[in-house]
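A quick write-up on the structure given underneath.
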Amino acid sequence: MPLALAALASPPPVAAQPWPVAPASDGAEQISQLFWFTLVLATIVFILVEGLLIYSSLRFRRRTAIPTFEPPQLHGNTRLEVMWATVPALILIGLFGITVTRLGDLNQIPTDPGIMHIGVTGQQFSWTFAYGNSGVKTTNDLHLPVGQQVVFDVTSVDVIHGFWAPDLFGQIDANPGRVNHITYTANQTGEFRGVCAMLCGAGHSGMMFRVTTQSPADFQTWLQQQQSGGGPSPAAAPGASPVPGASPAAGGGTGDPTMGAMLIVQHGCPACHIIPGIPGATGTTGPDLGSHDNVPPVGQRPMIATYPNGTVPNHSPNDLKAWLLNPPALKPGTLMPDLGLTDQEATNIVAYLETLK
Ligand code: CUA
């Protein structure tokens, strides 16, 4: 039950738009055409073969008692045999040729310096997107401008993941220690679902992301909002303050727990944590945030995230927020990724977690 629930609950809410029926990028359009071409060809062959089979079974079935004479005996038919070996071979060679040609076209990675690059980093179990040199990073939330070609530089920090937004393009592996490239141009605005297409651990099924395609103007507005909105981890210098960018008022009074619960789902937390009140939050890679084995729920815990040099005892909402804003800075090597949260997002998530008492 929990797994089925997770599958239903974790994906971000997006319009159902199954590929290859409605391809949303130029590349996906080409893949879609190839799919339909192959499907139609295969259907024609299928109907022909099955039709002949059924026809022969009916037409030449035994209608009378076994005749006393022996029917004429055949020993092969060279012309027919050559035909049914050659025709399928020609069809397969044709399909192969068309597919390879099209793959070659699709795999052309432009080197034009003006083209936007988006860095894609897979990590158990989330996706981080870095937009060119804007400094903007998002987690599990990919924004794309319509009509502009984008090159994705895809890699991983741990195991092999598979970067795939089916409506927009084919899948590409995210390998640790290597950067793979893929490119496409979104051609319609909308929201689409992306997944991890490579079994990568216990949280694989929850490793999903949302793709929002928007007009170039809207995209620029969004990018600027991200830049000015405090951005992800403004604490590039982690030692500066125990709570990067925390205002004195950020103690929890300003957080919205309902928004926090939505953000928890959006950022993929359910894949790794058990979180009371969040549907599908059944992950076991990270700590169980509910009450278990005499451990109180997270809002009541005397300490959180055991840091290398001790713990945060008597943790306050601000400590929890500092942790969420940049876990690796506080505890190098932690499995908890930097989610690229803004200050307000972290405040909202803390507001939700603090309700767990
Ligand atoms: Cu990452 Cu499956």
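None of the figures in this text is laboratory data; all of them are computed from the coordinates on show. Since we're looking at a predicted model, the values are computed, not measured. Cβ placement follows ideal geometry from the backbone for every residue including glycine, while neighbour counts extend to all protein chains displayed.
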Fill in: 12 Å beta-carbon shell around residue 276, net charge (K/R +1, D/E -1)
0
Practice prompt. May I ask you to list the lysines whose Cα is less than 19 Å away from that of residue 331, ignoring any residue fewer than eight positions away on the same chain?
Written response: 321
Fill in: Fraction of beta bridges assigned by DSSP in the range 116-228 that are antiparallel (%, nearest 5)
65
Practice prompt. Report the net charge of residues surrounding residue 127, where surrounding means a beta-carbon distance below 14 angstrom and charges are Lys +1, Arg +1, Asp -1, Glu -1.
Written response: -2
Fill in: Largest-first principal axis extents of the Cα set of the range 116-228 (Å)
38, 27, 22
Item to complete: Go ahead and run the numbers for FRET between residue 258 and residue 37, Cβ-Cβ distance against an R0 of 45 Å, rounding to 0.05.
Response: 0.40
Worksheet item: For the range 250-353, rounded, prolate or oblate, judged on the Cα gyration tensor with a ≥ b ≥ c (square roots of eigenvalues), a/c < 1.5 rounded, else prolate if a/b > b/c?
Response: rounded
Worksheet item: Over what distance in Å are the Cα centres of the range 164-226 and the range 40-87 separated?
Response: 50
